[in-house]
Amino acid sequence: MTRRDDLAGATAVVTGGASGIGRGIASTLVARGMNVVVADIDQAALDRAEDELGVLGVATDVTDADSVAALAERTMAEFGAVHLVCNNAGVGPMAPMNQLTLEDWRWMLEVNLWGVIHGVDAFLPLLERNTDWGHIVNTSSMSVLAPPPKLGAYVASKAAVMGLTEVLAAELAAAESVVSASVLIPGPVRTNIAASLRHRPATSNGALFDVDISGNGKNFRFLDPEQVGELVVDAIGDRRLYIPTHGEWRLQAAERHHRIQSDFPAHGDAIGSTTAQEAS
């Protein structure tokens, strides 16, 4: 399969694209000559992105299916087609599992998981109209592979995004669709995710709190959003399923998979099963 390196003239949509990883992806796509639609709930950041990047900004609440459908309609009205959709909008506050409220869970899942579901629902039919290519990138997290304390709701939402994308990619490949899918698995990136709670509805209360981990922490190597954007573009060119951003996290992922493998029963044995001889 040949690489797809020429993105010029094609159209991309990036949710959560006015800041952080989303803006890094958007700026990289603009540099590659794409028409870029940036969707975000933060109007001030959206205005800056329009002025500084030359993108089309569309105010969007990814938790609202109608809002995402309107984003798709606006994109088609402006450009007539869409080739790349990056479902990137997300929030990342934390709290211990035994302190989380149901409102905490609902809000986290509405943004991080349902935002992706709404994006796939609204844009996949449009991508499948293309005769040349289409691609979906859904943002998960490295924390799915190495889950830390106090991120239970976040990890649950991002694990669901990873599983969703894996199934989507397999179904598209089996159907020999022109559309392919990738899951972005970012490690530490300098973003404003530490200010997530300012976008939480005032009527929704709970234990979640923001923590700023986006500086130059001595225990992590932080990437700039534009570096992540380059990794995404490179993966789109290869139609790669997984887009991990930090090679040094390979060990944590391997340790997790080793623990899973070591807990499997012996080959051919299943818990609670009996052999035909025992049954007789």
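What about Ala253, is it modelled with pLDDT under 90, of a type outside the set (S, T, N, Q) and either exposed (fewer than 10 other Cβ atoms within 10 Å of the Cβ) or within 25 Å of the chain's Cα centre (by Cα) (or both)? Give the steps one after another, and end with the answer.
Values: modelled with pLDDT under 90: yes; of a type outside the set (S, T, N, Q): yes; either exposed (fewer than 10 other Cβ atoms within 10 Å of the Cβ) or within 25 Å of the chain's Cα centre (by Cα) (or both): yes.
In short, yes.
Restricting attention to the stretch 233-241, does a residue exist that is in contact with a helix residue (DSSP H, G or I) (Cβ under 6 Å, 6 or more places away or on another chain) and either modelled with pLDDT of 95 or more or of a type in the set (Asp, Glu) (or both)? Quick ask: steps written out before the conclusion?
Here is the first cut: in the stretch 233-241, the residues in contact with a helix residue (DSSP H, G or I) (Cβ under 6 Å, 6 or more places away or on another chain) are 233, 241.
Now restrict to residues that are either modelled with pLDDT of 95 or more or of a type in the set (Asp, Glu) (or both): 233, 241.
Yes, some residue in the stretch 233-241 is in contact with a helix residue (DSSP H, G or I) (Cβ under 6 Å, 6 or more places away or on another chain) and either modelled with pLDDT of 95 or more or of a type in the set (Asp, Glu) (or both).
Looking at Leu7 and the list (1) under 20 Å from the mean Cα position of the chain (by Cα); (2) surrounded by 18 or more Cβ atoms within 10 Å (Cβ to Cβ); (3) among the aliphatic types (A, V, I, L, M), which single condition is not satisfied?
All conditions are met except number (1).
Name the pairs whose Cβ atoms lie under 8 Å apart, with the first residue in the stretch 240-251 and part of a helix (DSSP H, G or I), the second of a type in the set (S, T, N, Q), and 6 or more positions between them or separate chains?
Nothing qualifies.
So which of Val120, Val111 is farther than 17 Å from Pro188 by Cα and touching a strand residue (DSSP E or B) at 6+ places or on another chain (Cβ under 8 Å)? Let's see the steps before the verdict.
Values: Val111 fails: touching a strand residue (DSSP E or B) at 6+ places or on another chain (Cβ under 8 Å).
Checking each option against the conditions leaves just Val120.
Under 7 Å between Cβ atoms, which residue pairs at least 6 apart in sequence (or on different chains) link something in the stretch 37-63 that is more than 18 Å from Ala12 (Cβ to Cβ) and hydroxyl-bearing (Ser, Thr, Tyr) with a partner that is modelled with pLDDT of 95 or more and assigned to a helix (DSSP H, G or I)?
Cβ pairs passing all conditions: Thr63/Glu110; Thr63/Val111; Thr63/Trp114; Thr63/Gly115.
Could you give every pair whose Cβ atoms fall below 7 Å, whose first residue belongs to the stretch 150-161 and is of a type in the set (D, E, K, R), and whose second residue is in a helix (DSSP H, G or I), counting only separations of at least 6 or pairs across chains?
Matching pairs, first to second residue: Lys158/Asn112; Lys158/Ser143; Lys158/Val144.
Helices (runs of 4 or more DSSP H) wholly in the stretch 9-80 with at least 2 residues that are among the polar types (S, T, N, Q) and on the phi < 0 side of the Ramachandran plot - which ones?
Working: elements: 20-31, 43-53, 65-79.
Passing ranges, in order: 20-31, 65-79.
Please work out if Val137 is in contact with a helix residue (DSSP H, G or I) (Cβ under 9 Å, 6 or more places away or on another chain), in a helix (DSSP H, G or I) and either on the phi > 0 side of the Ramachandran plot or not hydroxyl-bearing (Ser, Thr, Tyr) (or both). Before you say what the answer is, go through the steps one by one.
Values: in contact with a helix residue (DSSP H, G or I) (Cβ under 9 Å, 6 or more places away or on another chain): yes; in a helix (DSSP H, G or I): no; either on the phi > 0 side of the Ramachandran plot or not hydroxyl-bearing (Ser, Thr, Tyr) (or both): yes.
When the stated conditions are applied, Val137 does not pass them.
Can you tell me which of Ser180, Ser141, Ser157 is of a type outside the set (A, V, I, L, M), more than 26 Å from His258 (Cα to Cα) and buried (at least 21 other Cβ atoms within 10 Å of the Cβ)? Walk me through how you get there before you give the answer.
Working: Ser141 fails: more than 26 Å from His258 (Cα to Cα); Ser157 fails: more than 26 Å from His258 (Cα to Cα).
Result: Ser180 is the single residue among Ser180, Ser141, Ser157 that is of a type outside the set (A, V, I, L, M), more than 26 Å from His258 (Cα to Cα) and buried (at least 21 other Cβ atoms within 10 Å of the Cβ).
For the stretch 137-186, give me each residue that is within 27 Å of Ala81 (Cα to Cα), under 12 Å from the mean Cα position of the chain (by Cα) and of a type in the set (Ser, Thr, Tyr).
Those that are within 27 Å of Ala81 (Cα to Cα), under 12 Å from the mean Cα position of the chain (by Cα) and of a type in the set (Ser, Thr, Tyr): Thr139, Ser140, Thr165, Ser182.
Among the residues of the stretch 64-112, what is the count of those that are within 14 Å of the chain's Cα centre (by Cα) and surrounded by fewer than 22 Cβ atoms within 10 Å (Cβ to Cβ)?
Just the residues of the stretch 64-112 that are within 14 Å of the chain's Cα centre (by Cα), to begin with: 84-92, 108-112.
Checking which are surrounded by fewer than 22 Cβ atoms within 10 Å (Cβ to Cβ) leaves us with 109-110.
Total satisfying the criteria: 2.
The values are calculated or read from the model by the stated rules, or taken from the named source; none is laboratory data. In this text, all values refer to a predicted model and were calculated from it rather than measured experimentally. Positions of Cβ are backbone-derived with ideal geometry, glycine not excepted, and every protein chain shown enters the neighbour counts.
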